[in-house]
Amino acid sequence: MIMKNYSATFACLNKVEYTQRCVESLLQSNFDMSRLVIVDNGSTDGTWQYINTLKDAHLIKNNQNLGCGVAWNQGALALQTEWTVIMNNDILFCHDWIEQLIAQAEANNLLVASPSMIEGSLDYDFLATACDYQARMKNHTRPGYAHAVCLLVHESVWHKVGYFRATPKLLGFEDTIFFFECLKQGIGNAALANSWIHHYGSVTVKCCAKPWAPTAKAG
């Protein structure tokens, strides 16, 4: 398989155990760590110390939580490639997931796509299940079901639609706005069955989404 010009990025805020599982899964999936950008959105639990041990990955440290949109944009702009994957840090990957994802997106003339996803507790053999699903649903697409848990974006989309709305008070709805802008520009999307991930359940978004209003003080 021809190696494509791609990069991947995720934001993290604490929950270091999920970041570690994600990175270990990336390594096992045959992912090139020099293509990864990790954005720490002000962690206080040892996340920054952990990611500093990673060889080859590109690191960005924010002194405070700037929200998902800002962090995703920082990651996408740090390595400007033909294909960029915006993803959560609470996911696991099948082998060669990104190469398979890009290949199927190109075969279907898609500029925005996501891998198929199993969500919830990891109470099953993910890799065996992913291999089985890939074999049984090879080349299957589900139009209109792309998701920001793991989102493949072609560079032409940034130029036509723009990047994510960098407004911390959006509470994680940056992806919804992005999909809407793509729809207005006639850019379709799909979930693709040649690549699979396991998602624990929005750990990144719940942590990185910045509250829009101060907490009321007891009087």
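Evaluating Pro214 against the criteria (1) in a loop (DSSP other than H, G, I, E, B); (2) modelled with pLDDT of 95 or more; (3) surrounded by fewer than 15 Cβ atoms within 10 Å (Cβ to Cβ) leaves one unmet condition, (2). The set of residues in region 169-196 being assigned to a helix (DSSP H, G or I) and polar (S, T, N, Q) consists of Thr176 alone.
Here the condition is being buried (at least 24 other Cβ atoms within 10 Å of the Cβ), more than 27 Å from Leu127 (Cα to Cα), among the aliphatic types (A, V, I, L, M) and in contact with a helix residue (DSSP H, G or I) (Cβ under 9 Å, 6 or more places away or on another chain); of Ala76, Ala71, it holds for Ala71 alone.
In region 102-120, which residue that is assigned to a loop (DSSP other than H, G, I, E, B) and surrounded by fewer than 19 Cβ atoms within 10 Å (Cβ to Cβ) is nearest to the chain's Cα centre (by Cα)?
Keep residues of region 102-120 that are assigned to a loop (DSSP other than H, G, I, E, B), which gives 108-111, 120.
With the extra rule that they be surrounded by fewer than 19 Cβ atoms within 10 Å (Cβ to Cβ), the set shrinks to 108-109, 120.
Numbers: Asn108: 21, Asn109: 21, Gly120: 17 Å.
The residue in question is Gly120.
If we keep just the residues of region 46-68 that are crowded, with 20+ Cβ neighbours inside 10 Å and modelled with pLDDT of 95 or more, which is nearest to Ser156 (Cα to Cα)? Talk me through it step by step, then tell me what you get.
Step one: list which residues in region 46-68 are crowded, with 20+ Cβ neighbours inside 10 Å, which gives 47, 51, 65-68.
Within this subset, residues satisfying the condition of being modelled with pLDDT of 95 or more are 47, 51.
Values: Thr47: 33, Ile51: 30 Å.
The selected residue is Ile51.
Scanning region 30-41 for residues that are out of contact with any Cys (no Cβ under 9 Å at 6 or more places or on another chain) and surrounded by 19 or more Cβ atoms within 10 Å (Cβ to Cβ) gives Phe31, Arg35, Leu36, Val37. Take Leu27 and tell me if it is surrounded by fewer than 19 Cβ atoms within 10 Å (Cβ to Cβ), of a type in the set (A, V, I, L, M) and in a loop (DSSP other than H, G, I, E, B). Considered against the rule, which asks whether it is surrounded by fewer than 19 Cβ atoms within 10 Å (Cβ to Cβ), of a type in the set (A, V, I, L, M) and in a loop (DSSP other than H, G, I, E, B), Leu27 comes out as no. Can you pull out the residues in region 133-165 that are of a type outside the set (S, T, N, Q), within 16 Å of Leu92 (Cα to Cα) and not in a loop (DSSP other than H, G, I, E, B)? Within region 133-165, Tyr133, Cys150, Leu151, Leu152 meet the criteria.
For region 162-178, a residue qualifies if it is among the polar types (S, T, N, Q) and either within 15 Å of Gln74 (Cα to Cα) or in contact with an Asp or Glu (Cβ under 6 Å, 6 or more places away or on another chain) (or both), and exactly one does: Thr167. Among the residues of region 83-101, are any at pLDDT 95 or above, assigned to a helix (DSSP H, G or I), in contact with a His (Cβ under 6 Å, 6 or more places away or on another chain) and under 25 Å from Thr167 (Cα atoms)? No, every residue in region 83-101 fails to be at pLDDT 95 or above, assigned to a helix (DSSP H, G or I), in contact with a His (Cβ under 6 Å, 6 or more places away or on another chain) and under 25 Å from Thr167 (Cα atoms).
For region 97-153, the set of residues classified as closer than 22 Å to Glu181 by Cα and of a type in the set (Gly, Ala, Ser) consists of Ala105, Ala113, Ser114, Gly144, Ala146, Ala148, listed by residue number. Could you tell me whether any residue of region 57-76 is under 23 Å from His95 (Cα atoms), not polar (S, T, N, Q) and not in a helix (DSSP H, G or I)? Within region 57-76, one or more residues are under 23 Å from His95 (Cα atoms), not polar (S, T, N, Q) and not in a helix (DSSP H, G or I). Would region 4-21 turn up any residue that is part of a helix (DSSP H, G or I), at pLDDT 95 or above and either under 14 Å from the mean Cα position of the chain (by Cα) or under 18 Å from Val153 (Cβ atoms) (or both)? Checked against the condition, which is being part of a helix (DSSP H, G or I), at pLDDT 95 or above and either under 14 Å from the mean Cα position of the chain (by Cα) or under 18 Å from Val153 (Cβ atoms) (or both), region 4-21 yields at least one hit.
The values are calculated or read from the model by the stated rules, or taken from the named source; none is laboratory data. Since the structure is predicted, the reported quantities are computational estimates derived from the model, not experimental observations. Neighbour counts are summed over all protein chains in view; Cβ atoms, including those assigned to glycine, are modelled from backbone coordinates with ideal geometry.
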